[in-house]
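One structure below.
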Amino acid sequence: MIETGTKRRRPSVATSSMSDIGFLLLIFIMLISLMNQRYEEKINYSESAVLERTQADENFEIWVQNNGVVSADGNVLDVAALEKAIVQAIANNPNVRIHIIADKDTPYKYINGVTSILQSLQHRVVSFVAKEK
């Protein structure tokens, strides 16, 4: 038997909590975007016709400015501190790829100083970062 006098209620979706969910998503996105920022120097990249892409999470970046200032992880380093930082990066991850990022006007003697440290440590996974033509 079917009752004929009752009205059927329409289903409804509670929208009062939608603003809370949107606000929480906004906070989450803002926090995640801050975690993915990386340190970078303002330099004029060298150019290359052939590029190889590497995984960013397995890189240790050494920045060489055209005046010879060397930095890594946002810290200006001298020769001893740079060697210690490289040894620590290799100890943390033996598969780390060292990236040497230098201004295109940087004299070779500054880049050679960094590569000589890597040679003395016998680390062979090194990339020179350039931008695509």
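The values are calculated or read from the model by the stated rules, or taken from the named source; none is laboratory data. Nothing here was measured: the structure is a model prediction, and the numbers come from that model. A quick note on method: Cβ atoms are made from the backbone with ideal geometry, for glycine too, and the neighbour counts reach across all protein chains shown. Note: accessible area is taken over every heavy atom of the protein model, side chains too, but ligands, DNA and RNA are not part of it. Shrake-Rupley method; radii C 1.70, N 1.55, O 1.52, S 1.80 Å.
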When residues of segment 16-39 are limited to those that are open to solvent by less than 100 Å² (accessible area, probe 1.4 Å) and at pLDDT below 75, the one nearest to ASP73 (Cα to Cα): TYR39
Any hit, segment 44-55, residues being small (Gly, Ala, Ser) and modelled with pLDDT of 80 or more: no
Residues that are touching a Gly at 6+ places or on another chain (Cβ under 9 Å) and either hydroxyl-bearing (Ser, Thr, Tyr) or more than 18 Å from VAL69 (Cβ to Cβ) (or both), drawn from segment 83-130: THR106, TYR110
